[in-house]
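> Below: one structure in structure tokens.
None of the figures in this text is laboratory data; all of them are computed from the coordinates on show. Computed from a prediction, not measured in an experiment: that's the story for all the values here. Neighbour counts run over all protein chains shown; Cβ positions are idealised from the backbone, glycine included.
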């Protein structure tokens, strides 16, 4: 069904056809490759820094948590093994 496009000042009204966003002629197939993303954590401060810590990918049992990094995982894999030793080192200096 054609639709009427209201004119701007000084222009004539135009009649256009239906939107073509779902027309098969204009849809191109999309390719989704086998790419992955990697997340790193790090701490930077005045005169110190931590090494970049890669955050591991989820296992299939953990995939129900769509956020990827919950608080338990963050504490067990980042804060305890990396941040606490860094804080102790900085405080002892």
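> For labels at residue 75 and residue 27 in the simple 7 Å Cα→Cβ model, what's the distance in nm?
Going by the 7 Å Cα→Cβ label model, 4.8 nm.
> Using a Förster radius of 35 Å, what is the FRET efficiency between residue 11 and residue 37 based on their Cβ-Cβ separation? Nearest 0.05, please.
On the way: r = 47 Å, r/R0 = 1.34.
That gives a FRET efficiency of 0.15.
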